[in-house]
Amino acid sequence: MKFKYFFIALLVFCFSNIMTAQNQYGIDFTNYDSQVCQKFNQAFSNRPKEMKFGIKRVNASLFFETNDEDWFNSLFVDAYDGIAIDIVAKDRYACNVEHIESVQIKGELLPPVYSKRLKGGLKKSDNTLYRVLVGRIPAHLLNKDLEFNTLFLSNKNLCQYYVIYDLESYPWDLLDMGMYLDSITYKEKQIKTASSDSYVIKNKSLKFKIPFIKNKAEYSQDDIRPLYDSLRLTDFNIKSINIKVYSSIEGSLERNVKLQEQRALSIVKAIQSFQKPSIKNEISSSENWVEFLNDIENTKYEDLKRLSKSQIKAKLVGVLSSEMEPILKKHRKALVTLELEKKDVYKDLNDTELLSKFNSSIASNDLDEALKIQNSLFEKLKNREVSPDVLDKMQVPNQLKYMIFLNKNAAYKYVLEEPQVLMVYNELLKLEKLAPKDKRVKYNIAVTKLKLWRLRAIDVDDKKLKAEISALKNYGISDVLITRLLVNYHVITAENLMRKRDYTNKDKAVKFIEKNYKKFDLLDYDYLSLAQFFSYYANTDLSVTLLKDKVKQIDTDENLLFYYLNLTIINPELTKTSDYRTIMLNALNMNKMRYCKLFNPFGEGGVTFQLLEDDYLRETYCESCMN
């Protein structure tokens, strides 16, 4: 599912007595908390949290958009209830401006549009949105970076002032339920931006931490011995190496980067010695600001957290550097992840040869050999070395003794190509008649049925489906797997209830998810999918709770980290905390360009440049993004 958070509104209380000299169009700015605004503000507080609105720019025209026509019409009752737009230019926050003046109107105020024109001009713009023209951008502002704040008026009194901010979107889906082959097999989806999505079928992986000595690229053989021992004992080949190398933060960035590269290459060289084929490697390096700032918490060095990165580096010389060495030495390390694939004795055979051997093994009843060949074909399918058509050419009799082959072939079609889910589901229903108590078939039917229900491709009795999922326990499926299926069941239920505007029962479904997702392990892709699910259904606090510990980890996924920033960076109570500064420095260190992009205009890849009203964010932005 792909979507865009285009209408998440942030209420900004910025009603000082400072006025600009421009035309105020008779608007009274002094009664926002008085009896005059009571009815209007009540309408806002009583609106469904799922109701969204925003300003849409089309060339020089500005439209107010909402997904709730009834709420819109109930808001503008009296003749002088209306909307006005405050056009704010980014150059207000230029780094050479010493002080940002606190004003009610931050830019250029457009003439208000009142009730009659608003209601008369509201038109449907697509299946879920309604829009009405509320103003045009003056010619002298057209070539500037702009954002559009919304003033809501009741009888010409300002009652609400909104800044709109944006969230970066990603593809998201149900939590991965896997498919039952010999065991549960998951896809390890890679988090991509909304414009692209990909996955790899999960291989066995090994993870290691290798410490380094100060100013040395070499590592201790004792530190890498567990890695050596694991590789000697395993019957897997190394498919790829991912190395994240971290230096302590003292010293110059250039020297630290060079040293990290040397460290990473020394590890790759050592691991490559275990096999002749060249191993793909991916290396990233950074200074370990996350653990540094976390580790000085509640120590005598805690005041360093209040300084900028350059100020901290300036202090970490001489005596202080030596004194802090017990802390710093823990930060020099490499986190190594090896992706492995099982050794395949049939690796050099082509698909025609493998197919012939498989069919011969089935015919001669050599089922152990047939399983090895089937797995070899699956490896080639996974690596896209052969066409999925090979699955239909495997001659497996429709008999109970061959159920493991029949189930794996059907399930693998789904693993490889989800668009085939309806065909796979029908194949599995036939297998269920042959083996009505086979737990692999039962599980795979539940997975594909959930997927089809989500796609609205088949009619599903939701109560019956929930009972079928719960009944999997009777066939030996673990509680953890069943809970994962039930979480996805409630994800789909919430989506269906949202379409019906049944917000009360939708909230009950979300509550089930909140209570149960901690009962099983989540992949990074699952974390992001679940966070976006909570946010989409107006439960941003749940998204923040889900991610807050995850983003403090040094090896957190970059997309998770930036999604968390999108969710939280508009909250000044958070941004001024030392913990949040640690997270922001981690983001800057991980991807400076992406961090700076957060301050682009709303609708142009940024959250909102009006974040720069916050003195700390502006200082960080000007120091890091404008140099």
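The values are calculated or read from the model by the stated rules, or taken from the named source; none is laboratory data. Since this is a predicted model, take the numbers as computed values, not measurements. We place every Cβ from the backbone using ideal geometry, glycine too, and count neighbours over all the protein chains shown.
Residue pairs, Cβ under 6 Å, 6 or more apart or interchain, first in the stretch 37-50 and assigned to a loop (DSSP other than H, G, I, E, B), second modelled with pLDDT under 75. List them.
Note: pairs meeting the criteria are Lys49/Ala538; Glu50/Ala538.
Suppose we filter Lys433, Lys515 for residues that are surrounded by fewer than 22 Cβ atoms within 10 Å (Cβ to Cβ), among the basic types (Lys, Arg) and farther than 30 Å from Leu561 by Cα; which single one remains?
Details: Lys515 fails: farther than 30 Å from Leu561 by Cα.
When all the criteria are applied, what remains is Lys433.
With respect to the numbered conditions (1) at pLDDT below 70; (2) in the same structural domain as Gln104 (by TED's automatic domain parsing), which one is the sole condition not fulfilled by Tyr186?
(2)
Out of everything in the stretch 49-92 that is closer than 30 Å to His140 by Cα and among the hydroxyl-bearing types (Ser, Thr, Tyr), what residue ends up being surrounded by the most Cβ atoms within 10 Å (Cβ to Cβ)?
Of everything passing the filter in the stretch 49-92, Thr66 is surrounded by the most Cβ atoms within 10 Å (Cβ to Cβ).
Within the stretch 590-604, restricting attention to residues that are in a loop (DSSP other than H, G, I, E, B) and either in the same structural domain as Asn149 (by TED's automatic domain parsing) or touching a residue at least 40 places away in the same chain (Cβ under 8 Å) (or both), which residue is nearest to Gly54 (Cα to Cα)?
Among them, the one singled out is Gly603.
Determine, yes or no, whether Val460 is within 31 Å of the chain's Cα centre (by Cα) and surrounded by fewer than 19 Cβ atoms within 10 Å (Cβ to Cβ). Full working, then the answer.
Details: within 31 Å of the chain's Cα centre (by Cα): yes; surrounded by fewer than 19 Cβ atoms within 10 Å (Cβ to Cβ): yes.
Here the answer is yes, as Val460 does meet what is asked.
If Ser356 satisfies every condition in (1) in contact (Cβ under 8 Å) with a residue 24 or more places away in the chain; (2) assigned to a helix (DSSP H, G or I) but one, which is the exception?
Result: Ser356 fails condition (1) only.
So is Leu574 within 30 Å of Asn67 (Cβ to Cβ), under 14 Å from the mean Cα position of the chain (by Cα) and part of a helix (DSSP H, G or I) or not? Spell out the reasoning first.
On the way: within 30 Å of Asn67 (Cβ to Cβ): yes; under 14 Å from the mean Cα position of the chain (by Cα): no; part of a helix (DSSP H, G or I): yes.
No, not satisfied.
I'd like to check something: does the stretch 394-404 contain any residue that is at pLDDT 90 or above and within 23 Å of Asp176 (Cα to Cα)? First the steps, then the outcome.
The initial filter retains those residues of the stretch 394-404 that are at pLDDT 90 or above, namely 394-404.
This time we only want the ones that are within 23 Å of Asp176 (Cα to Cα), so: 404.
Yes, the stretch 394-404 contains a residue that is at pLDDT 90 or above and within 23 Å of Asp176 (Cα to Cα).
Lys473: surrounded by fewer than 18 Cβ atoms within 10 Å (Cβ to Cβ), part of a helix (DSSP H, G or I) and within 27 Å of the chain's Cα centre (by Cα), yes or no?
In short, no.
Are any residues in the stretch 442-470 in a helix (DSSP H, G or I) and either without any contact (Cβ under 8 Å) to a residue 12 or more places away in the chain or over 18 Å from Ile184 (Cα atoms) (or both), and if so, which ones?
Across the stretch 442-470, the qualifying residues are Leu452, Trp453, Arg454, Asp462, Lys463, Lys464, Leu465, Lys466, Ala467, Glu468.
Given (1) of a type outside the set (Val, Ile, Thr); (2) over 20 Å from Leu485 (Cα atoms); (3) part of a loop (DSSP other than H, G, I, E, B), where does Lys437 come up short, assuming only one miss?
(2)
Of the residues in the stretch 549-595, how many are more than 24 Å from Leu304 (Cβ to Cβ), in contact with a helix residue (DSSP H, G or I) (Cβ under 8 Å, 6 or more places away or on another chain) and of a type outside the set (D, E, K, R)?
Residues in the stretch 549-595 being more than 24 Å from Leu304 (Cβ to Cβ), in contact with a helix residue (DSSP H, G or I) (Cβ under 8 Å, 6 or more places away or on another chain) and of a type outside the set (D, E, K, R): 6 in total.
Going through the stretch 342-370 one residue at a time, which ones are out of contact with any Ser or Thr (no Cβ under 9 Å at 6 or more places or on another chain), surrounded by 14 or more Cβ atoms within 10 Å (Cβ to Cβ) and among the aliphatic types (A, V, I, L, M)?
Across the stretch 342-370, the qualifying residues are Leu355, Ile362.
Please enumerate the residues belonging to the stretch 585-620 that are of a type in the set (Ser, Thr, Tyr), more than 17 Å from Asp166 (Cα to Cα) and surrounded by 21 or more Cβ atoms within 10 Å (Cβ to Cβ). Walk me through it before giving the result.
Going through the stretch 585-620, the residues of a type in the set (Ser, Thr, Tyr) turn out to be 595, 608, 616, 620.
Keeping just the survivors that are more than 17 Å from Asp166 (Cα to Cα) gives 616, 620.
Passing the criteria: only Thr620.
Checking Lys439 against (1) out of contact with any Lys or Arg (no Cβ under 8 Å at 6 or more places or on another chain); (2) surrounded by fewer than 20 Cβ atoms within 10 Å (Cβ to Cβ); (3) more than 15 Å from Ile184 (Cα to Cα): exactly one of these is not met. Which one?
(3)
For the stretch 528-555: of the residues being β-branched (Val, Ile, Thr) and at pLDDT 85 or above, which is nearest to Leu585 (Cα to Cα)?
Val551
Residue check: is Thr582 of a type in the set (Val, Ile, Thr) and either part of a helix (DSSP H, G or I) or within 25 Å of Ile164 (Cα to Cα) (or both)?
So Thr582 fits the description; yes.
Please report, ordered by residue number, the helices (runs of 4 or more DSSP H) entirely within the stretch 306-348 with at least 2 residues that are within 36 Å of the chain's Cα centre (by Cα) and not β-branched (Val, Ile, Thr).
Here the list reads 309-315, 325-328.
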